[in-house]
Amino acid sequence: MLRTPEAIRDAERWTAHNYHPLPVVISSAEGSWLTDVDGRRYLDCLAGYSALNFGHRHPTLIAAAHAQLDRLTLTSRAFVHDQFADFCRELAELCGKDLVLPMNTGAEAVETGIKVARKWGYQVKGVAPGMANIVVAEGNFHGRTTTIVSFSTDEDARADFGPYTPGFTVVPYGDLAALSAAIDENTVAVLLEPIQGEQGVVVPPEGYLPGVRRVCTERNVLFVADEIQSGLGRTGQTFACDHEGVTPDMYLLGKALGGGIVPVSAVAANTDVLGVLRPGQHGSTFGGNPLACAVATEVVRLLATGEFQRRSTELGARLHAGLRSLVGRGLLAVRGRGLWAGLDIDPALMSGREACERLAERGVLAKDTHGSTIRLAPPLVITEEEIDHAVAQLAAVLAG
């Protein structure tokens, strides 16, 4: 008897319905492959929304977690533990920044970035108390806290969660003129995803990010880059900003930083920015805990070799070539960079949800967004043969 139907019924019975998962119940995984409770295997082409950049159960990361579990897992920030300094130093060096502030989730990193930018605005820029504003982009996805959804343009994420937090100005993504016009004397930061993930892997026009960097410098405004999905090797560079030679004032990091084992996020910036915080003004009981630091330090060391950035570049070229061959054969457009792609399916054929369900039936897992768009973000350990297999299954789905 199959176990999947009952497991799904139990999950639906006892869980708030804030997600609409595919009807798959995973029980184990390794590398790029998942196995469900009935023993069926699936090629993972979502990688936990890029939290699993290094694949499932990467041996180096698992070994670090096991070793730390036998020693120390939590102290709180009331004390310093022996994994903390190495993690902060090595991540700061990877980012080319002076300081790191560890947190847990991506949303916490974004909230931290907002708080730091506002405090910097008041203490350094001289903005009048209570007047700080931050420029953000349409189509953004930075998390789901009350403040963050206040400046979302996705009604599913925003509706019925008001009253909304003020202090944000929304402009079209990729429109440098609109962004520049929105900045005034009270603007403390521009907060952007270098590539918009949830929107469908939307890459901005060439020259946009350098333009944002230039405008922020000229207007004395912080450029805050949300690299929570796009960073840490996903696009073929350490950070998506690197593709255009841009260095933001603040990096917001998460997802892959925890190696798919523990939630780890961080804010990285120089002393003139993160240095505005003083004891008691911001914190987290679990932020920078020993287990998180032990795993995340090994993540940083994997990235420092450059191997995963190269894999993303080379295998991403193969993935995108295969996907482009399907344009006009059921696909309307393909976007993305490295091992990250957004695909617009002809809505006359099927919805994105239907496409993902049919892919799952063929042993490939992906996720839809915004109607007829699906996203592919396989682990960076995927092979050429596995990429070809995923493209072939998509072609078969599109062919009906």
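Counting only DSSP beta bridges with both residues in the chain, the antiparallel share comes to about 65 percent.
Taken about its Cα centre, the chain carries a charge dipole of roughly 340 debye when the Cβ of each Lys and Arg holds +1 and the Cβ of each Asp and Glu holds -1. Restricting the calculation to Cα atoms, segment 72-304 shows an Rg/Rh of 0.95 when the hydrodynamic-style radius is the Kirkwood one. Dipole of the chain computed with +1 at Lys/Arg Cβ and -1 at Asp/Glu Cβ about the Cα centre; of 55, 338, 313, farthest Cα towards the positive end is 55. Working value for segment 252-400: equivalent-ellipsoid semi-axes of 37, 18, 14 Å, each the square root of 5 times a Cα gyration tensor eigenvalue, largest first. Give the shape of segment 1-152 as rounded, prolate or oblate, defined through the alpha-carbon gyration tensor: a ≥ b ≥ c are the square roots of its eigenvalues, a/c under 1.5 means rounded, and otherwise the shape is prolate if a/b is larger than b/c and oblate if not. Taking the square roots of the gyration eigenvalues as a ≥ b ≥ c, segment 1-152 is oblate.
Let's test the formula: R0 of 35 Å, r as the Cβ-Cβ distance of residue 69 and residue 327. What FRET efficiency results, to the nearest 0.05? For residue 69 and residue 327, the calculated efficiency is 0.15.
Neighbours of residue 297 by Cβ distance under 10 Å: Lys/Arg scored +1, Asp/Glu scored -1, total -1. Taking a point 7 angstrom from the Cα of residue 399 along the C-beta vector, which residues in segment 329-359 have backbone N less than 11 Å away? No residues fall inside that zone. In the chain, helical runs assigned H by DSSP with n ≥ 4 each contribute -39500 (n - 2.57); averaged across all residues and rounded to the nearest 500, the mean residue ellipticity at 222 nm is -10500 deg cm²/dmol. Applying a threshold of 32 Å to the alpha-carbon distances of 119/367; 97/125; 115/255 flags 119/367 as lying beyond it. Extending 7 Å from the Cα toward the beta-carbon at both residue 10 and residue 145 defines two label points whose distance is 3.4 nm. Count Lys and Arg as plus one, Asp and Glu as minus one, and take only other residues whose Cβ is under 13 Å from that of residue 384; the net charge is then -2. Long hydrophobic helices in the chain: the complete DSSP H runs spanning 20 Å or more by Cα along their own axis with mean Kyte-Doolittle hydropathy of at least -0.5 are 106-120, 290-304, 384-399.
If you rank 73, 187, 297, 15 by fewest surrounding Cβ atoms within 10 Å, what's the result? Each step should come with its number before you reach the end.
Values: 73 16, 187 23, 297 20, 15 10.
Neighbour counts put them in this order, fewest first: 15, 73, 297, 187.
When the Cα gyration tensor is reduced to axis lengths a ≥ b ≥ c, the ratio a/c is 1.5 or higher for segment 232-313, and with a/b not above b/c it is classed as oblate.
With a Förster radius of 25 Å applied to the beta-carbon distance between residue 153 and residue 181, the computed FRET efficiency rounds to 0.85. Sequence gap at least 6, Cα distance under 8 Å: using those rules, report the relative contact order of the chain to the nearest whole percent. Relative contact order, the chain: 23 percent. In this simple spin-label model, placing a label point 7 Å from the Cα along the Cα-to-Cβ direction at both residue 354 and residue 17 gives a separation of 2.1 nm. Altogether, the Stokes-Einstein calculation at 25 °C and 0.890 mPa s, with the Kirkwood radius of the chain over Cα pairs as Rh, returns a diffusion coefficient of 112 µm²/s.
Positive-end ranking of 87, 17, 208 along the dipole of the chain, with charges on Cβ about the Cα centre, is headed by 87.
The numbers here are math on the coordinates, done by the rules we state, and not lab data. Predicted model, so just to flag it, every value in this text is computed and none were measured. Counting neighbours? That spans all protein chains shown, and the Cβs are built from the backbone with ideal geometry, glycine included.
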